[in-house]
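Data first, discussion second: the structure below is written as structure tokens.
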Amino acid sequence: MTLRYDLIPTPVGTAIAVLSDAGLLALRFTSDDTRWALEMLAREQGVVPDRAPGSADPLRAQLEEYFDGERMAFDVDLDWGLTRGFAREALQAVCDIPYGETASYGEVAARAGRPGAHRAVGTACRTTPFSLVVPVHRVVRADGSLGEYGSDPGAKRFLVDLERRASGAASAVIPPAPALRSRRP
């Protein structure tokens, strides 16, 4: 399989778009060295993608429209090759969360046909190869707080607030997550 990648600057970091012949295989955001993120993708696939500037130009244009508040959904072919089983079902259910709205991990689990699998939904969201294009940032905790989003929880707040402002949703602010407490005695 031939993989190629392109780098796209965004307000939440550099997007690394990895494309296969079937479509978008992965979209990851990093504020760190992009080489590290590429090495992780290479380990997952066993193939080092080739840099192909311009190969993700249609996605680049859609990302720009999204961040300008003009695009509510992405129109790209997805190569689901990095997801399997319930993780894929959960991520496909995440795609049904409307722009500007959120759903809890439990609600997504129920939509995916396994109401008790909220933790598995969390794992699927945490390990998704499709950041943003599959809107895992719209999945929140049962109490409505945002929860985590990769290594940058501020990005999740930015994305949710961007969508709520652009869609004119009534509740543009989600309360901050409660402070984390140490589990050590």
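When the solvent-accessible area of region 19-150 is split by element, carbon and sulfur atoms take up 47 percent of it, the probe being 1.4 Å. Oblate is the label for region 60-110. Its Cα gyration tensor axes, ordered a ≥ b ≥ c, give a/c of at least 1.5 and b/c at or above a/b.
Largest GNM mean-square fluctuation across Val160, Val76, Val121, computed for the chain with C-alpha springs under 10 Å, falls on Val76. Just so you know, the averaged projected area of the alpha carbon convex hull for region 1-90 sits at 6.2 nm². Ellipticity at 222 nm from helices only: DSSP H runs of n ≥ 4 in the chain, each -39500 (n - 2.57), divided by the residue count, give -10500 deg cm²/dmol. Labels on offer are [x] 49, 42, 27; [y] 54, 37, 23; [z] 44, 36, 35, and the one holding Cα extents along the principal axes in Å computed from this structure is [z]. For region 1-104, averaging the sequence separation of C-alpha pairs within contact (under 8 Å, six or more residues apart) and dividing by the residue count gives a relative contact order of 26 percent.
Hand me the chymotrypsin sites (Phe, Trp or Tyr not before Pro) from region 96-146 located in a DSSP loop with no more than 16 other Cβ atoms within 10 Å, in residue order please.
Tyr99
Sparse packing (at most 16 other Cβ atoms within 10 Å of the Cβ) combined with a DSSP loop state is found for the following GluC sites (Glu not before Pro) in region 1-91: Glu70.
A Cβ-based charge dipole, computed about the Cα centre of the chain with Lys and Arg at +1 and Asp and Glu at -1, lands at about 980 debye.
The values are calculated or read from the model by the stated rules, or taken from the named source; none is laboratory data. Everything numeric here is computed off the predicted structure, so don't read it as measured data. All Cβ positions, even for glycine, are placed from backbone atoms using ideal geometry, and neighbour counts span all protein chains on display. Heads up: the accessible areas ignore ligands, DNA and RNA and are worked out on the full protein's heavy atoms, side chains in. Shrake-Rupley method; radii C 1.70, N 1.55, O 1.52, S 1.80 Å.
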